[in-house]
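Below you'll find the structure, written out as structure tokens, and then a few comments.
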There are 2 protein chains.
Amino acid sequence: MRLTRAAEYAIRCIIYLAKQGRGVLANKNDIAERAEIPPHFLAKIGQDLAKAGLIEIRQGAKGGFVLVKEPRDITLLEVVETMIGEIYLNDCVARPSGCNALSACGVHQVWIRARNQLRDTLRQATFDKLIKKKICIPVSDVKNLTGLNNTRGRDNSPEPVKNLP
Amino acid sequence: MRLTRAAEYAIRCIIYLAKQGRGVLANKNDIAERAEIPPHFLAKIGQDLAKAGLIEIRQGAKGGFVLVKEPRDITLLEVVETMIGEIYLNDCVARPSGCNALSACGVHQVWIRARNQLRDTLRQATFDKLIKKKICIPVSDVKNLTGLNNTRGRDNSPEPVKNLP
DNA sequence: TTTATACAAGACAACAAACATCTTATTTAT
DNA sequence: ATAAATAAGATGTTTGTTGTCTTGTATAAA
């Protein structure tokens, strides 16, 4: 009953892009480094985010990820469910056909309620609100990372980040 | 982000016992059969429930499980967390030491809120309320299952149950 | 006191999911 | 053309879930 790492990484990736704003291209390795995501893993995560229409992937030299939607139109729920599928919390709710009492079951009703609350809370959290607050990723000077000739010229970055949500 | 089967089984087990009432002994194999729990698995689950003080296990001939607490004093949260540990929903909340922004992080705050709501909802669901509703386990004629000489005399039971919460 | 019944305790195994890496191919800017 | 950058997916490692099995111990009843 815990969020997967892939989903936590996806959230950080979107935060990074949202900080830059919609339509701004970000180098994949820059994202990986700043958001502390294993680079190859980020590639896979990016593909899921692209399929869901959250980002666009530019191939080739000077390629990278671009946020497609406005941060205010992206919810935490959307990012999470893109990565882990629709949230159900328990099997009985996920596959009602396997449950003989269906919605009449008292336990079932509690789980339905819990699920709805959880999804509502995550849906209320839009990325425009999230990036206004202090956030786990230090992206204050994001834009000049992908600057002209600094393929590895980023070692004056702030101290490395630990694990973050 | 899904409840484990062990926890779903534990809930069914407690419902079975709660229907009988506190202090009433139930044969383990009867519970396993009626609540559709693999018998050996129920043994392990029972041990966890006993350690948590929810049930008492009687060994030897005519042994079985006995509910220790009143159904009104047992919550769904208690049973669930006995089986899967305290609910955190994400790593960042579970191990704040690994997160550099701590409670100041906007994403963190959303998860804290979601977690509290979920736990509150599960805490409000006490088993006296749950067994008053229609429930997935058919336990109407529970008491005469463990009756005198019916070690295998239970084949007049209602049609078998599918998967339940 | 012997026997059958029933649970304890924990080792073990099959399977699935999560987590991550690596390789080969393709796309694009210069 | 060449180098940079991602695509796509095969593969590997680790962890967790979901059980089963074996050996031992406790208890009731003959």
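Per-structure values
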{"read-out": "Lys, Arg +1 and Asp, Glu -1 on Cβ, resulting dipole of the range B:1-122 about Cα centre, debye, nearest 20", "value": "140 debye"}
{"read-out": "Selection of trypsin sites (Lys or Arg not before Pro), the range B:43-95, meeting DSSP coil and at most 10 other Cβ within 10 Å", "value": "B:LYS62"}
{"read-out": "Other-copy label distances relative to A:LYS62, 7 angstrom Cα-Cβ extension, nm", "value": "8.7"}
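We did not get these values from a lab; they are worked out from the coordinates using the rules stated. Here the structure is a predicted model, which is why all the values come from computation and not from measurement. Here the Cβ is made from the backbone with ideal geometry for all residues, glycine too, and neighbour counts use every protein chain on show.
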